[in-house]
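The values are calculated or read from the model by the stated rules, or taken from the named source; none is laboratory data. What you see is a predicted model, and the numbers here were worked out from it, not measured in a lab. Glycine gets a Cβ as well: all are built from the backbone with ideal geometry, and neighbour counts include every protein chain shown.
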Amino acid sequence: MKRYWSIAIAAALMVAAVIVIGHAIGAGERDARTPAAASIERPLPILTEAGVFERSSKGASLKDVKPGPGQPERHLPAYYARRSYPGGPPAIPHDLVDDQSMGGKSCLACHLDGGWAPKFNAFTPVTPHPELINCRSCHVHPENKSSFQPTTFQPAQTAAVPKGAIPGAPPAIPHELDMRSNCIACHGGPAAPVEIRTTHPERSNCRQCHVTGARPFAAFTREGGQ
Amino acid sequence: MNRREMLIRMAGAAAITAATELVPGVSFAAPATTDSINGLTWKKAPCRFCGTGCGLLIGISNNRAVAVKGDPASAVNKGLCCVKGYHSVLALYGADRLKTALIRKNGKLVPAPINEALDLVASKLKENIAQHGKDSVAIYGSGQWTIPDGYCASKLFKGAIGTNNVEGNARLCMASAVTGFMTTFGLDEPMGCYEDIENADVFILWGNNMAEMHPVLFSRMLERRQQSPGTLVVDLATRTTRTSMAADRSILFLPQTDLAIANAIAYELIRNNWLHSTFLQRHVSFHAGKTNIGYGLEDKFAFTDEPRTIDFAAYKKALEDYKPEKVEKLSGVPAREIRYLAGLYGDPKKRVVSFWCMGMNQHTRGTWIQNLVYNIHLLTGKIATPGNSPFSLTGQPSACGTVREVGTLTNRLPHGEVTDPHSREMAAKIWGVPVSNIAPKPTLHTVEMFRALDRGDLKFIWIQVTNPMVTMPKLKRYRDGLKKENRFVVVSDVYPTPTTDIADVVLPSAMWIEREGMFGNSERRTQHWEKMVDPPGEAMSDTWQLIEVARRMGHGKLFAYKPETHIKEIWEEYRQFHHGPAHEMASYDELRQRPGIMWPFVNGKETRWRYNPKHDPAAKPGDTHHFYGKPDQKAWIWFRPYEPPPEMPDKDYPFWLNTGRVVEHWHTGSMTRRIPVLHQAMPNAYVELHPNDAKRFNIKNGDSVRLTSRRGTILLPALIDRRGRPPEGQVFVPFFDESKLINELTLDAFCPISKQPDYKKCAVKVEKAL
């Protein structure tokens, strides 16, 4: 029992030391007239890593959620049709709820957690970056299908849905992760396109098995090897 | 396909065969080709569009740009773009790209070899100079000129030909920002940087719809608010917009009354003694200039200010006219809201950033309103320290880098004013021309340049990277002027536009990542990109077009750059102009390696806060600030009064017309309208009305509305309570649509000091079209 007490006291002292030292470091950088800027001391997130665990606890609750009878599923062609190229921000395929509002109050009301939207007869896709709330600075709403002048742009090809290297092996990630590092947003739950919906949303650390930069069958070669 | 890619593909094919034999009945995906998302090469470039200067990574495959992502290494946008940035590469691939030169023959533009077109441009230049003198020719470029483009234009026209007829469309966009900086600080460009956003407690947006016009910086500001609760965003504007929706407080004022509001804030700061008195004593002097300064509506209008030094007591006395209750009657802003703003600026615990862009720049008292906002920051000492920043945003990718720093304005040289003998000597030495070549007097600013074409004083104009037949105010006069006999118009562009329509020669330009270049953004950051894909057909960079014409005119010795290394040679020649701690620029090699470098760049260190000795190598140590731009080593507080605009709503034309932009389109839409997703999201211009006005005229969403001013009339579909909402008695129209030219209606009045026109205020009438 005595041992537990000494461990507890040692732990408490360490916490206190961290707090005191942390304050001292922070205070040294402050202008006396003004409060500290919280974000200056905040480490910058690593953009392609930051989102992996976002809302991963929700994964478990998605495990058995599947579209019911009469509830249409999404497929990859529709998913890609909304984008000018793979990785491009998708356009908004439905009327705007409120043309004037910031996304925090309108778009995220549905796209934060998703769910069945009877109005659209569809499951709502979930955003991988809910911290960005000026949604329509990237996502625009087509007014019509007209063309000002035709284009000759050819997008990068969409990646084929990869299979594992051997049967049962986890496929590698075939796309870039910028702005899309939160796997569960697009791959989990009933709104995920069937072709890319994970069978195991409850496993939260996706990238312990799925590596990035899939370059199928690129052979390992030794630099300068015989 | 190179050897390595070939090996990878062969290995892939073999493995598929092997795997298929191993597990019969299971199909394996074909290996990704080099065209797949993984086979791309990513290269860095600043975005082609606005002045924010976001770092992009462009996905290149088989000599084509195929994808975009935000560059996480860029200090500007940290991996995020806006919808224009994400779709920027599509702007290269409109089906009607100009691939050959066009020459007008028998009234029609017909394709011609580019060498024939360049010969014709050179001979027409020579012919006009011989017959009518060197001031009969002009070049008109833009804030989208790369730095080498603008440098070659200035060297050819100011150095070799010897005329100051060099202007950029930035005159229409940020000339008032320049004269604001010059009159208050003696040196151009912001003292702060975007990092001010992460350090500020309060953001006050002066007539600036940032959510649509600078969306990436706006998102950065919202992120700051999310992380630091209590951060305030105040939208001080003439119209309710998407920005107002995100702001903590939205305050509407009547057009032009920002002048009175700024003075009322200063009045309140003094009345409450919310001043930083040691800062004021050490770093500020007080001044006043001419009043009733006119509007430039008449040809050959001239104005020279007569500054005089005053003391604090005289300044304080002049502000007595701007008590909040009095300003309330003029501006429509309740006195308590003015006191609220003064309280935010005056609170010593709050760090304040003021942001503005076209609302303050496109203003017949544009220089004055900049002075007045600087006054507020100077009275409170909230300047040039992290989070305390009056910040002028720009709308073009290199308005700062090219037009302001290279000095492609009639009055400027790459270093200093043409009127300054020392600056002329420096230019003559670096350019290798006799100093007598460089004319000591400014000639035509942009509006006057187009007036001179109309009058016939100017015979030849070369227009590069801009579209004045959409953007000039009071457009009809200037379009008719350019179409007159004996005017020779050369236009370099990437697509057909209303400006190429009236050209005598059209030169096809290589665009953005089809050539090497540099842009300079709003925060003094210079960004380099390499050539990534080949330009189509005979398209040639604007830099190289200028070099080719210079050689044909016999100035080859001054333009002896090699095709492979010309951008490096030009950059290293140009940066000599900025040598010294106040404006030292990074070397070419450093620019290549890094995603943008802020000047002054001394001993490998960027300067984030100018005039702050802790950060700025040009500032004398020993004090909190050193404003070294003015002869008295101080920042200048100016008393500037409210004066009314030249045209206000009346019985015949009872509405204010305000013009501007939308998030989807950039400038005149010549690039963004050719991007399907952007065109479909915003297919045409519209007129925004207040719902009560719409009801009064029985106008419903989509109905056709006729807008008429004293200068012209157009039809536009109505848009009510969608993107934005003007107050009653005002309408708003975006200017991107070449088939609905709102500039047929606008007025060509300008700020007498900056010569920048006011596109935000004129009088119109509204009728429902039947």
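Within region A:133-171, how many residues turn out to be without any contact (Cβ under 8 Å) to a residue 24 or more places away in the chain, part of a loop (DSSP other than H, G, I, E, B) and at the interface with chain B (Cβ under 7 Å from one of its Cβ atoms)?
Qualifying residue count for the region: 13.
Pick from region B:583-605 the residues that are touching a residue at least 60 places away in the same chain (Cβ under 8 Å) and over 23 Å from the mean Cα position of the chain (by Cα): which of them is surrounded by the most Cβ atoms within 10 Å (Cβ to Cβ)?
Out of the qualifying residues, it is B:588.
Does region B:647-664 hold any residues that are assigned to a loop (DSSP other than H, G, I, E, B) and either surrounded by 17 or more Cβ atoms within 10 Å (Cβ to Cβ) or modelled with pLDDT under 95 (or both), and which are they? It would help to see each step written out before you state the result.
Initial filter on region B:647-664 (assigned to a loop (DSSP other than H, G, I, E, B)): B:647-654, B:661-664.
Across region B:647-664, the qualifying residues are B:647, B:649, B:653, B:661, B:662, B:663, B:664.
Could you tell me whether any residue of region A:68-88 is surrounded by 16 or more Cβ atoms within 10 Å (Cβ to Cβ), under 15 Å from the mean Cα position of the chain (by Cα) and modelled with pLDDT of 90 or more?
Yes; the residues of region A:68-88 include at least one that is surrounded by 16 or more Cβ atoms within 10 Å (Cβ to Cβ), under 15 Å from the mean Cα position of the chain (by Cα) and modelled with pLDDT of 90 or more.
For region B:408-424, what are the residues that are closer than 16 Å to residue B:449 by Cβ and either touching a helix residue (DSSP H, G or I) at 6+ places or on another chain (Cβ under 9 Å) or free of Cβ contacts under 8 Å to residues at least 40 places away in the same chain (or both)? I'd like the intermediate steps shown before the answer.
Going through region B:408-424, the residues closer than 16 Å to residue B:449 by Cβ turn out to be B:408-412, B:418.
Scanning region B:408-424 gives B:408, B:409, B:410, B:412, B:418.
Can you tell me how many residues within region A:186-207 are touching an Asp or Glu at 6+ places or on another chain (Cβ under 8 Å) and aliphatic (A, V, I, L, M)?
1
Which one is farthest from residue B:282 (Cα to Cα), of the residues in region B:309-329 that are touching a residue at least 60 places away in the same chain (Cβ under 8 Å) and buried (at least 16 other Cβ atoms within 10 Å of the Cβ)?
Applying the filter and picking the extreme gives B:327.
Does region B:292-308 contain at least one residue that is touching a residue at least 24 places away in the same chain (Cβ under 8 Å), within 14 Å of another protein chain (Cβ to nearest Cβ) and either over 30 Å from residue B:730 (Cβ atoms) or buried (at least 24 other Cβ atoms within 10 Å of the Cβ) (or both)?
For region B:292-308, residues touching a residue at least 24 places away in the same chain (Cβ under 8 Å), within 14 Å of another protein chain (Cβ to nearest Cβ) and either over 30 Å from residue B:730 (Cβ atoms) or buried (at least 24 other Cβ atoms within 10 Å of the Cβ) (or both): absent.
Tally the residues that are under 26 Å from residue B:665 (Cα atoms), modelled with pLDDT of 95 or more and small (Gly, Ala, Ser), restricting the search to region B:190-238.
2
Please identify the pairs in which a residue from region B:662-676 that is within 7 Å of another protein chain (Cβ to nearest Cβ) has its Cβ atom under 7 Å from the Cβ atom of a residue that is outside any loop (DSSP other than H, G, I, E, B) and modelled with pLDDT of 95 or more, counting only partners at least 6 apart or on another chain.
The qualifying pairs are B:664/B:672; B:674/B:91; B:674/B:94.
Tell me which of these residue B:197 doesn't satisfy, since it passes every other one: (1) part of a helix (DSSP H, G or I); (2) over 16 Å from the mean Cα position of the chain (by Cα); (3) of a type in the set (A, V, I, L, M, F, W, C); (4) within 30 Å of residue B:436 (Cα to Cα).
Failed condition: (4).
For region B:200-225, which residues satisfy the criterion of being closer than 12 Å to residue B:357 by Cβ and either of a type in the set (Asp, Glu) or more than 20 Å from the chain's Cα centre (by Cα) (or both)?
Initial filter on region B:200-225 (closer than 12 Å to residue B:357 by Cβ): B:205-210, B:212-214, B:217-218.
Within region B:200-225, just B:212 meets the criteria.
Sort out which residues of region A:85-132 are outside any strand (DSSP E or B), among the aromatic types (Phe, Trp, Tyr) and more than 7 Å from every other protein chain (Cβ to nearest Cβ), and write them in order of number. Steps first, please.
Residues of region A:85-132 that are outside any strand (DSSP E or B), as a first pass: A:85-114, A:118-121, A:125-132.
Still in the running and among the aromatic types (Phe, Trp, Tyr): A:85, A:120.
Residue satisfying the conditions is A:120 alone.
Listed here are the residues, each with its yes/no results for (1) closer than 12 Å to residue B:407 by Cα; (2) among the aromatic types (Phe, Trp, Tyr); (3) surrounded by fewer than 24 Cβ atoms within 10 Å (Cβ to Cβ).
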position: B:127; (1), (2), (3): no, no, yes
position: B:132; (1), (2), (3): no, no, yes
position: B:143; (1), (2), (3): yes, no, no
position: B:164; (1), (2), (3): yes, no, no
position: B:170; (1), (2), (3): yes, no, no
position: B:174; (1), (2), (3): no, no, no
position: B:177; (1), (2), (3): no, no, no
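Name the residue, out of B:283, B:276, that is within 11 Å of chain A (Cβ to nearest Cβ) and surrounded by 20 or more Cβ atoms within 10 Å (Cβ to Cβ).
Working: B:283 fails: within 11 Å of chain A (Cβ to nearest Cβ).
Going through B:283, B:276 in turn, the sole match is B:276.
Scan region B:440-495 for residues that are of a type outside the set (Lys, Arg), in contact (Cβ under 8 Å) with a residue 60 or more places away in the chain, more than 19 Å from residue B:156 (Cβ to Cβ) and part of a loop (DSSP other than H, G, I, E, B) and report the count.
Count: 7.
Could you please let me know if residue B:574 is modelled with pLDDT of 95 or more, not hydrophobic (A, V, I, L, M, F, W, C) and not in a helix (DSSP H, G or I)? Write out each step before concluding.
Values: modelled with pLDDT of 95 or more: yes; not hydrophobic (A, V, I, L, M, F, W, C): yes; not in a helix (DSSP H, G or I): no.
Judged against the criteria, residue B:574 is not a match.
From the list B:621, B:595, B:617, B:581, pick out the single residue that is under 19 Å from residue B:518 (Cα atoms) and assigned to a loop (DSSP other than H, G, I, E, B). Even if it seems obvious, please write down each step before you answer.
Details: B:621 fails: under 19 Å from residue B:518 (Cα atoms); B:617 fails: under 19 Å from residue B:518 (Cα atoms); B:581 fails: under 19 Å from residue B:518 (Cα atoms).
Just one listed residue meets the conditions, B:595.
Which of the residues spanning region B:699-714 are in contact with a strand residue (DSSP E or B) (Cβ under 6 Å, 6 or more places away or on another chain), assigned to a loop (DSSP other than H, G, I, E, B) and in contact (Cβ under 8 Å) with a residue 40 or more places away in the chain?
Those that are in contact with a strand residue (DSSP E or B) (Cβ under 6 Å, 6 or more places away or on another chain), assigned to a loop (DSSP other than H, G, I, E, B) and in contact (Cβ under 8 Å) with a residue 40 or more places away in the chain: B:699, B:703, B:709.
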